[in-house]
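Q: Here it is, the structure in full.
The values are calculated or read from the model by the stated rules, or taken from the named source; none is laboratory data. Keep in mind that this is a model prediction, so the values were computed, not measured. Methodologically, a virtual Cβ is constructed for each residue, glycine included, from the backbone with ideal geometry; neighbour enumeration extends over all protein chains shown. In case anyone asks, the SASA skips ligands and DNA or RNA and just uses the protein heavy atoms, side chains included. Shrake-Rupley method; radii C 1.70, N 1.55, O 1.52, S 1.80 Å.
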Amino acid sequence: MASQSRLLRLPVLLALLLGIALLFLSPLVLADSQDALDKDSTKPDLICHTSDPADCYPRIFVPTDEFQTVHDDQEIPKGLHVQLNINTGEKLAKIYVPDEPVDPALEGLPVEREVIKVEPEARDDPIVAPPKGAPAYEAAGKIKAPPHENAGFVNAVRLLKADKGEDDPAFDASLDAMEELAHDLHYGLQVASDPEIIKSLVCHMIQEPHPGTAAAVEGLPPRDQQAATILAASLRNNPTALAEVSKHWPEILKHKCPGAKAPLGSELWRCVGPRDDDTAPAPASASSIKARVAAVDTLIKDHKIRDDFVRAGLMNTLTRVLAREGPEWAAAQRKAGVLALNNFLDEDVGAITGQWPKGPRLTDEKCAEAGTRAPEGCWDYHVDRIVKANKADKSHWSKDVQARLAAARKANPNVPQHVEL
(Lines give C-alpha, C1' and ligand atoms only; values in the text may rest on other atoms or scores of the structure.)
Protein backbone atom coordinates (compact mmCIF):
# COMPACT_ATOMS: atom_id res chain seq x y z
CA MET A 1 0.00 0.00 0.00
CA ALA A 2 2.88 2.37 0.81
CA SER A 3 4.57 1.60 -2.53
CA GLN A 4 1.32 2.27 -4.34
CA SER A 5 1.06 5.66 -2.60
CA ARG A 6 4.59 6.52 -3.71
CA LEU A 7 3.66 5.67 -7.32
CA LEU A 8 0.65 8.00 -7.17
CA ARG A 9 2.77 10.88 -5.84
CA LEU A 10 5.44 10.51 -8.59
CA PRO A 11 3.40 12.11 -11.45
CA VAL A 12 2.47 14.96 -9.16
CA LEU A 13 6.14 15.53 -8.35
CA LEU A 14 7.12 15.43 -12.03
CA ALA A 15 4.40 17.89 -12.92
CA LEU A 16 5.57 20.22 -10.17
CA LEU A 17 9.17 20.06 -11.36
CA LEU A 18 8.10 20.65 -14.97
CA GLY A 19 6.05 23.69 -13.91
CA ILE A 20 9.03 25.18 -12.08
CA ALA A 21 11.24 24.64 -15.17
CA LEU A 22 8.71 26.34 -17.45
CA LEU A 23 8.48 29.24 -15.04
CA PHE A 24 12.20 29.93 -15.43
CA LEU A 25 12.31 29.27 -19.17
CA SER A 26 9.29 31.40 -20.15
CA PRO A 27 11.16 34.77 -20.31
CA LEU A 28 13.73 33.19 -22.66
CA VAL A 29 11.04 31.71 -24.88
CA LEU A 30 9.13 34.95 -24.97
CA ALA A 31 12.31 36.86 -25.85
CA ASP A 32 13.05 34.48 -28.71
CA SER A 33 9.49 34.85 -29.94
CA GLN A 34 9.77 38.62 -29.82
CA ASP A 35 13.04 38.49 -31.81
CA ALA A 36 11.31 36.37 -34.41
CA LEU A 37 8.51 38.92 -34.66
CA ASP A 38 11.01 41.77 -34.95
CA LYS A 39 12.77 39.94 -37.77
CA ASP A 40 9.51 39.36 -39.60
CA SER A 41 9.83 41.09 -42.99
CA THR A 42 6.16 42.03 -42.90
CA LYS A 43 6.86 44.51 -40.12
CA PRO A 44 8.64 47.57 -41.74
CA ASP A 45 11.45 49.45 -40.03
CA LEU A 46 10.55 52.99 -39.09
CA ILE A 47 12.44 56.25 -39.65
CA CYS A 48 11.93 58.75 -36.85
CA HIS A 49 13.44 62.23 -36.88
CA THR A 50 11.66 63.37 -33.71
CA SER A 51 10.53 61.77 -30.46
CA ASP A 52 6.90 61.99 -31.58
CA PRO A 53 5.79 58.56 -32.91
CA ALA A 54 3.31 60.30 -35.20
CA ASP A 55 6.23 61.73 -37.21
CA CYS A 56 7.68 58.29 -37.99
CA TYR A 57 7.29 56.62 -41.38
CA PRO A 58 8.39 53.27 -42.91
CA ARG A 59 11.94 52.94 -44.15
CA ILE A 60 10.64 51.18 -47.26
CA PHE A 61 7.89 53.15 -49.03
CA VAL A 62 4.49 51.39 -48.89
CA PRO A 63 2.59 52.13 -52.14
CA THR A 64 -1.18 52.41 -52.59
CA ASP A 65 -3.42 53.10 -55.58
CA GLU A 66 -3.03 56.85 -54.99
CA PHE A 67 0.08 59.02 -55.31
CA GLN A 68 1.82 59.63 -51.98
CA THR A 69 4.84 61.71 -51.07
CA VAL A 70 8.12 59.79 -50.88
CA HIS A 71 10.50 61.06 -48.20
CA ASP A 72 14.09 61.74 -49.25
CA ASP A 73 15.49 58.99 -47.03
CA GLN A 74 12.90 56.35 -47.93
CA GLU A 75 13.67 53.38 -50.15
CA ILE A 76 11.38 52.89 -53.17
CA PRO A 77 10.57 49.34 -54.32
CA LYS A 78 11.10 48.66 -58.02
CA GLY A 79 8.28 48.83 -60.52
CA LEU A 80 6.27 51.69 -59.06
CA HIS A 81 4.78 54.67 -60.88
CA VAL A 82 7.06 57.53 -59.75
CA GLN A 83 6.73 61.23 -60.50
CA LEU A 84 9.14 64.06 -59.69
CA ASN A 85 8.12 67.71 -59.42
CA ILE A 86 11.16 69.45 -60.94
CA ASN A 87 10.13 72.80 -59.43
CA THR A 88 9.96 71.66 -55.81
CA GLY A 89 11.91 68.38 -55.89
CA GLU A 90 8.91 66.54 -54.35
CA LYS A 91 8.75 62.84 -55.31
CA LEU A 92 5.41 60.99 -55.55
CA ALA A 93 4.80 57.26 -56.07
CA LYS A 94 1.96 54.74 -56.31
CA ILE A 95 1.27 51.21 -57.56
CA TYR A 96 1.91 50.96 -61.28
CA VAL A 97 -1.18 50.14 -63.36
CA PRO A 98 -0.19 48.97 -66.88
CA ASP A 99 -3.46 49.95 -68.58
CA GLU A 100 -3.71 53.32 -66.87
CA PRO A 101 -3.95 56.20 -69.41
CA VAL A 102 -0.69 58.17 -69.68
CA ASP A 103 -0.36 61.93 -69.95
CA PRO A 104 0.56 62.57 -73.65
CA ALA A 105 3.43 64.80 -72.50
CA LEU A 106 4.94 61.79 -70.70
CA GLU A 107 4.43 59.23 -73.48
CA GLY A 108 7.48 57.03 -73.94
CA LEU A 109 9.08 57.73 -70.55
CA PRO A 110 9.83 54.67 -68.40
CA VAL A 111 7.47 54.44 -65.46
CA GLU A 112 10.31 54.08 -62.96
CA ARG A 113 11.79 57.44 -63.99
CA GLU A 114 8.82 59.49 -65.04
CA VAL A 115 9.48 63.20 -64.61
CA ILE A 116 6.77 65.84 -64.92
CA LYS A 117 6.88 69.59 -64.64
CA VAL A 118 4.21 70.82 -62.24
CA GLU A 119 3.35 74.49 -62.54
CA PRO A 120 3.94 76.23 -59.20
CA GLU A 121 0.85 77.21 -57.30
CA ALA A 122 -0.09 80.86 -57.24
CA ARG A 123 1.15 82.62 -54.12
CA ASP A 124 -1.14 84.92 -52.19
CA ASP A 125 1.65 86.28 -50.04
CA PRO A 126 3.77 89.07 -51.54
CA ILE A 127 7.41 88.50 -52.46
CA VAL A 128 9.53 89.77 -49.60
CA ALA A 129 12.37 92.07 -50.65
CA PRO A 130 15.84 91.28 -49.29
CA PRO A 131 16.86 93.32 -46.26
CA LYS A 132 18.71 96.57 -46.79
CA GLY A 133 22.44 96.05 -47.18
CA ALA A 134 22.15 92.36 -48.12
CA PRO A 135 24.82 91.22 -50.61
CA ALA A 136 23.69 90.92 -54.22
CA TYR A 137 22.88 87.46 -55.52
CA GLU A 138 25.58 86.01 -57.78
CA ALA A 139 24.56 83.25 -60.18
CA ALA A 140 28.11 81.89 -60.29
CA GLY A 141 28.21 81.41 -56.54
CA LYS A 142 31.22 81.95 -54.34
CA ILE A 143 34.54 81.09 -56.00
CA LYS A 144 36.81 79.44 -53.45
CA ALA A 145 40.52 80.16 -53.46
CA PRO A 146 43.01 77.28 -53.13
CA PRO A 147 44.96 77.00 -49.85
CA HIS A 148 48.13 78.20 -51.59
CA GLU A 149 48.58 80.20 -54.80
CA ASN A 150 50.31 78.29 -57.58
CA ALA A 151 53.92 79.47 -57.93
CA GLY A 152 53.87 79.01 -61.71
CA PHE A 153 50.80 81.21 -62.00
CA VAL A 154 52.39 83.94 -59.88
CA ASN A 155 55.51 83.83 -62.06
CA ALA A 156 53.47 84.01 -65.29
CA VAL A 157 51.57 87.04 -63.99
CA ARG A 158 54.86 88.74 -63.12
CA LEU A 159 56.26 88.21 -66.61
CA LEU A 160 53.05 89.31 -68.32
CA LYS A 161 52.81 92.54 -66.35
CA ALA A 162 56.47 93.31 -66.98
CA ASP A 163 55.88 93.34 -70.78
CA LYS A 164 59.17 91.51 -71.26
CA GLY A 165 60.34 88.10 -72.34
CA GLU A 166 60.62 88.41 -76.14
CA ASP A 167 63.49 85.91 -76.21
CA ASP A 168 63.05 84.44 -72.73
CA PRO A 169 62.34 80.67 -72.86
CA ALA A 170 60.77 80.89 -69.39
CA PHE A 171 58.14 83.34 -70.66
CA ASP A 172 56.54 80.94 -73.14
CA ALA A 173 56.79 78.06 -70.68
CA SER A 174 54.99 80.17 -68.07
CA LEU A 175 52.21 80.99 -70.55
CA ASP A 176 51.76 77.29 -71.25
CA ALA A 177 51.39 76.58 -67.52
CA MET A 178 49.05 79.54 -67.09
CA GLU A 179 46.71 78.21 -69.79
CA GLU A 180 46.22 75.01 -67.79
CA LEU A 181 45.32 76.97 -64.65
CA ALA A 182 43.09 79.55 -66.38
CA HIS A 183 40.29 76.98 -66.76
CA ASP A 184 39.89 77.00 -62.97
CA LEU A 185 37.28 79.54 -61.83
CA HIS A 186 39.58 81.01 -59.19
CA TYR A 187 42.56 81.57 -61.49
CA GLY A 188 40.28 82.72 -64.31
CA LEU A 189 38.94 85.39 -61.97
CA GLN A 190 42.49 86.30 -60.93
CA VAL A 191 43.36 86.94 -64.58
CA ALA A 192 40.20 88.90 -65.34
CA SER A 193 40.30 91.05 -62.20
CA ASP A 194 43.63 92.63 -63.10
CA PRO A 195 43.31 94.95 -66.12
CA GLU A 196 47.10 94.95 -66.56
CA ILE A 197 47.03 91.18 -67.18
CA ILE A 198 44.17 91.52 -69.69
CA LYS A 199 45.97 94.34 -71.51
CA SER A 200 49.11 92.25 -71.80
CA LEU A 201 47.22 89.17 -72.99
CA VAL A 202 45.32 91.15 -75.64
CA CYS A 203 48.54 92.79 -76.83
CA HIS A 204 50.27 89.43 -77.21
CA MET A 205 47.14 88.02 -78.86
CA ILE A 206 47.04 90.60 -81.67
CA GLN A 207 50.79 90.86 -82.29
CA GLU A 208 52.57 88.41 -84.56
CA PRO A 209 55.12 86.50 -82.46
CA HIS A 210 58.80 86.92 -83.23
CA PRO A 211 60.01 83.90 -85.27
CA GLY A 212 62.89 83.33 -82.88
CA THR A 213 60.84 83.04 -79.70
CA ALA A 214 61.12 80.06 -77.41
CA ALA A 215 57.68 78.81 -78.48
CA ALA A 216 58.96 78.13 -81.98
CA VAL A 217 62.07 76.42 -80.63
CA GLU A 218 60.43 74.26 -77.97
CA GLY A 219 57.37 73.28 -80.01
CA LEU A 220 54.89 75.25 -77.91
CA PRO A 221 52.03 77.09 -79.67
CA PRO A 222 52.91 80.59 -80.96
CA ARG A 223 52.75 83.29 -78.32
CA ASP A 224 49.72 85.04 -79.84
CA GLN A 225 47.84 81.75 -79.86
CA GLN A 226 48.82 81.05 -76.24
CA ALA A 227 47.61 84.49 -75.11
CA ALA A 228 44.26 84.09 -76.92
CA THR A 229 43.76 80.63 -75.41
CA ILE A 230 44.45 81.92 -71.88
CA LEU A 231 41.98 84.77 -72.38
CA ALA A 232 39.27 82.41 -73.63
CA ALA A 233 39.88 79.87 -70.84
CA SER A 234 39.70 82.56 -68.15
CA LEU A 235 36.30 83.86 -69.26
CA ARG A 236 34.52 80.75 -70.54
CA ASN A 237 31.69 79.69 -68.17
CA ASN A 238 32.96 82.25 -65.66
CA PRO A 239 30.45 85.15 -65.59
CA THR A 240 32.12 86.74 -62.57
CA ALA A 241 35.41 86.98 -64.48
CA LEU A 242 33.69 88.40 -67.58
CA ALA A 243 31.99 91.04 -65.45
CA GLU A 244 35.43 92.13 -64.20
CA VAL A 245 36.74 92.54 -67.75
CA SER A 246 33.60 94.48 -68.73
CA LYS A 247 34.20 96.81 -65.79
CA HIS A 248 37.67 97.71 -67.10
CA TRP A 249 36.88 97.49 -70.84
CA PRO A 250 37.02 101.26 -71.63
CA GLU A 251 40.41 101.43 -69.90
CA ILE A 252 41.65 98.39 -71.82
CA LEU A 253 40.70 99.91 -75.19
CA LYS A 254 42.74 103.05 -74.38
CA HIS A 255 45.88 101.01 -73.71
CA LYS A 256 48.69 101.21 -76.25
CA CYS A 257 50.71 98.01 -76.68
CA PRO A 258 54.52 98.23 -76.68
CA GLY A 259 55.66 99.29 -80.15
CA ALA A 260 52.11 99.98 -81.38
CA LYS A 261 51.17 103.25 -83.09
CA ALA A 262 47.53 103.22 -81.96
CA PRO A 263 45.63 102.12 -78.85
CA LEU A 264 43.84 98.79 -78.63
CA GLY A 265 40.56 100.49 -79.51
CA SER A 266 41.91 100.87 -83.06
CA GLU A 267 44.05 97.74 -83.32
CA LEU A 268 41.93 95.00 -81.76
CA TRP A 269 39.09 94.71 -84.27
CA ARG A 270 41.09 94.09 -87.42
CA CYS A 271 43.29 91.38 -85.90
CA VAL A 272 40.45 88.91 -85.45
CA GLY A 273 40.52 87.95 -89.13
CA PRO A 274 43.44 87.36 -91.54
CA ARG A 275 45.21 90.38 -92.96
CA ASP A 276 45.47 90.83 -96.69
CA ASP A 277 49.25 91.13 -96.34
CA ASP A 278 49.55 88.11 -94.06
CA THR A 279 52.91 86.51 -94.81
CA ALA A 280 52.77 83.82 -92.12
CA PRO A 281 52.43 80.19 -93.28
CA ALA A 282 48.75 79.44 -93.89
CA PRO A 283 48.36 76.64 -91.28
CA ALA A 284 50.01 78.70 -88.50
CA SER A 285 47.96 81.77 -89.40
CA ALA A 286 44.72 79.74 -89.45
CA SER A 287 45.37 78.24 -86.01
CA SER A 288 46.10 81.67 -84.56
CA ILE A 289 42.91 83.10 -86.07
CA LYS A 290 40.96 80.17 -84.62
CA ALA A 291 42.29 80.99 -81.12
CA ARG A 292 41.53 84.70 -81.54
CA VAL A 293 37.96 84.06 -82.67
CA ALA A 294 37.44 81.74 -79.68
CA ALA A 295 38.68 84.50 -77.35
CA VAL A 296 36.37 87.07 -78.94
CA ASP A 297 33.45 84.62 -78.65
CA THR A 298 33.91 84.60 -74.86
CA LEU A 299 34.40 88.38 -74.66
CA ILE A 300 31.24 89.31 -76.53
CA LYS A 301 29.05 87.35 -74.12
CA ASP A 302 29.06 90.73 -72.35
CA HIS A 303 26.59 93.01 -74.14
CA LYS A 304 28.71 96.16 -73.84
CA ILE A 305 31.77 94.48 -75.31
CA ARG A 306 29.61 92.85 -78.00
CA ASP A 307 28.23 96.24 -79.05
CA ASP A 308 31.78 97.57 -79.45
CA PHE A 309 32.82 94.63 -81.62
CA VAL A 310 29.71 94.83 -83.80
CA ARG A 311 30.10 98.59 -84.33
CA ALA A 312 33.74 98.08 -85.28
CA GLY A 313 32.83 95.55 -87.99
CA LEU A 314 33.53 92.19 -86.31
CA MET A 315 31.22 90.25 -88.62
CA ASN A 316 32.76 91.94 -91.64
CA THR A 317 36.19 90.78 -90.44
CA LEU A 318 34.92 87.25 -89.92
CA THR A 319 33.67 87.14 -93.51
CA ARG A 320 37.33 87.06 -94.54
CA VAL A 321 37.78 83.94 -92.41
CA LEU A 322 34.90 82.24 -94.23
CA ALA A 323 36.26 83.39 -97.60
CA ARG A 324 39.54 81.52 -97.20
CA GLU A 325 39.89 78.15 -98.89
CA GLY A 326 41.85 75.08 -97.88
CA PRO A 327 41.46 72.41 -95.17
CA GLU A 328 43.76 74.31 -92.79
CA TRP A 329 41.02 76.97 -92.42
CA ALA A 330 38.21 74.54 -91.53
CA ALA A 331 38.64 74.84 -87.74
CA ALA A 332 38.83 78.66 -87.81
CA GLN A 333 35.75 78.83 -90.05
CA ARG A 334 33.86 76.58 -87.69
CA LYS A 335 34.76 78.93 -84.79
CA ALA A 336 33.41 81.88 -86.80
CA GLY A 337 30.16 80.01 -87.50
CA VAL A 338 29.78 78.99 -83.85
CA LEU A 339 30.35 82.61 -82.78
CA ALA A 340 27.50 83.71 -85.06
CA LEU A 341 25.20 81.01 -83.64
CA ASN A 342 26.15 81.63 -79.99
CA ASN A 343 25.67 85.38 -80.09
CA PHE A 344 23.30 86.34 -82.91
CA LEU A 345 21.36 83.45 -84.44
CA ASP A 346 20.49 80.67 -81.98
CA GLU A 347 18.29 81.74 -79.06
CA ASP A 348 18.46 78.23 -77.59
CA VAL A 349 22.10 78.81 -76.62
CA GLY A 350 21.60 82.39 -75.39
CA ALA A 351 21.95 84.42 -78.58
CA ILE A 352 20.16 87.77 -78.81
CA THR A 353 18.49 87.74 -82.22
CA GLY A 354 17.77 90.87 -84.22
CA GLN A 355 21.22 92.43 -83.70
CA TRP A 356 22.72 90.82 -86.79
CA PRO A 357 22.57 90.66 -89.77
CA LYS A 358 21.67 94.31 -90.30
CA GLY A 359 23.03 94.92 -93.79
CA PRO A 360 21.71 93.36 -97.00
CA ARG A 361 22.92 90.15 -98.58
CA LEU A 362 25.16 90.77 -101.59
CA THR A 363 24.73 88.84 -104.80
CA ASP A 364 26.78 85.73 -105.44
CA GLU A 365 28.49 87.42 -108.40
CA LYS A 366 29.73 90.31 -106.26
CA CYS A 367 30.94 87.99 -103.51
CA ALA A 368 32.79 85.74 -105.93
CA GLU A 369 34.43 88.82 -107.43
CA ALA A 370 35.44 90.14 -103.98
CA GLY A 371 37.43 86.97 -103.20
CA THR A 372 39.15 86.97 -99.80
CA ARG A 373 38.28 90.66 -99.28
CA ALA A 374 34.58 89.80 -99.12
CA PRO A 375 32.45 92.25 -97.07
CA GLU A 376 29.86 91.35 -94.42
CA GLY A 377 27.06 90.94 -96.96
CA CYS A 378 28.87 87.87 -98.30
CA TRP A 379 28.32 85.73 -95.19
CA ASP A 380 25.42 83.95 -96.91
CA TYR A 381 27.45 83.27 -100.05
CA HIS A 382 30.42 81.77 -98.23
CA VAL A 383 28.28 79.75 -95.81
CA ASP A 384 26.44 78.31 -98.83
CA ARG A 385 29.79 77.49 -100.43
CA ILE A 386 30.96 75.68 -97.27
CA VAL A 387 27.66 73.77 -97.06
CA LYS A 388 28.12 72.49 -100.63
CA ALA A 389 31.70 71.46 -99.89
CA ASN A 390 30.48 69.41 -96.90
CA LYS A 391 27.16 68.08 -98.23
CA ALA A 392 28.08 64.53 -97.19
CA ASP A 393 28.24 65.62 -93.53
CA LYS A 394 24.60 65.96 -92.44
CA SER A 395 25.54 67.48 -89.07
CA HIS A 396 28.08 70.03 -90.36
CA TRP A 397 27.93 73.37 -88.52
CA SER A 398 27.45 75.31 -91.76
CA LYS A 399 23.99 73.80 -92.33
CA ASP A 400 22.73 75.20 -89.02
CA VAL A 401 24.24 78.62 -89.76
CA GLN A 402 22.74 78.59 -93.27
CA ALA A 403 19.22 77.85 -92.00
CA ARG A 404 19.32 80.32 -89.11
CA LEU A 405 20.89 83.10 -91.20
CA ALA A 406 18.12 82.71 -93.81
CA ALA A 407 15.49 82.79 -91.03
CA ALA A 408 17.07 85.92 -89.52
CA ARG A 409 16.92 87.72 -92.87
CA LYS A 410 13.30 86.67 -93.37
CA ALA A 411 12.44 87.96 -89.89
CA ASN A 412 13.81 91.41 -90.82
CA PRO A 413 11.87 92.45 -93.95
CA ASN A 414 13.33 95.97 -93.89
CA VAL A 415 16.71 94.64 -95.01
CA PRO A 416 16.83 93.74 -98.74
CA GLN A 417 17.48 90.05 -99.40
CA HIS A 418 19.92 90.82 -102.23
CA VAL A 419 21.58 94.01 -103.38
CA GLU A 420 23.84 94.96 -106.28
CA LEU A 421 26.78 97.23 -105.58
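Q: Could you give the accessible area per residue of region 329-420, probe 1.4 Å, as a whole number in Å²?
A: Result: 53 Å² per residue.
Q: While we're on this one: How much length, in nm to one decimal, is gained on full extension between Asp52 and His303, taken as 0.36 nm per residue of separation minus their Cα-Cα distance?
A: 84.7 nm
Q: Given a Förster distance of 60 angstrom, what is the FRET efficiency for Asn412 paired with Ala151, based on the Cβ-Cβ distance and rounded to 0.05?
A: Approximately 0.65, to the nearest 0.05.
Q: Which order do the peptides 344-357, 182-195 take when ranked by the mean count of other beta-carbon atoms within 10 Å per residue, highest first?
A: Working: 344-357: 14.8, 182-195: 20.6.
The peptides rank, most packed first, as 182-195, 344-357.
Q: Scan region 304-398 for trypsin sites (Lys or Arg not before Pro) in coil per DSSP, keeping those whose Cβ has at most 16 other Cβ atoms within 10 Å, and list them by number.
A: On the way: sites: Lys304, Arg306, Arg311, Arg320, Arg324, Arg334, Lys335, Lys358, Arg361, Lys366, Arg373, Arg385, Lys388, Lys391, Lys394; in loops: Arg324, Lys358, Arg361, Lys391, Lys394.
Passing both the DSSP loop test and the Cβ count: Lys358, Lys391, Lys394.
Q: Taking H as built 1.01 Å from N, whose amide H comes closer than 5 Å to the amide H of His255, not counting residues under 5 places away?
A: Those lying under 5 Å, H to H, from His255 are Leu264, Gly265.
Q: Roughly how many nanometres apart are two label points built 7 Å out from the Cα toward the Cβ at Glu369 and Lys247?
A: About 5.2 nm, to one decimal.
Q: Set the bar at 24 Å for Cα to Cα. Now go through Lys301/Lys366; Lys335/Lys358; Lys199/Lys301 and name every pair that lies beyond it.
A: Long pairs (Cα-Cα over 24 Å): Lys301/Lys366.
Q: While we're on this one: Calculate the FRET efficiency for Lys256 and Arg311 from the Cβ-Cβ distance with a Förster distance of 22 Å, rounded to the nearest 0.05.
A: 0.60
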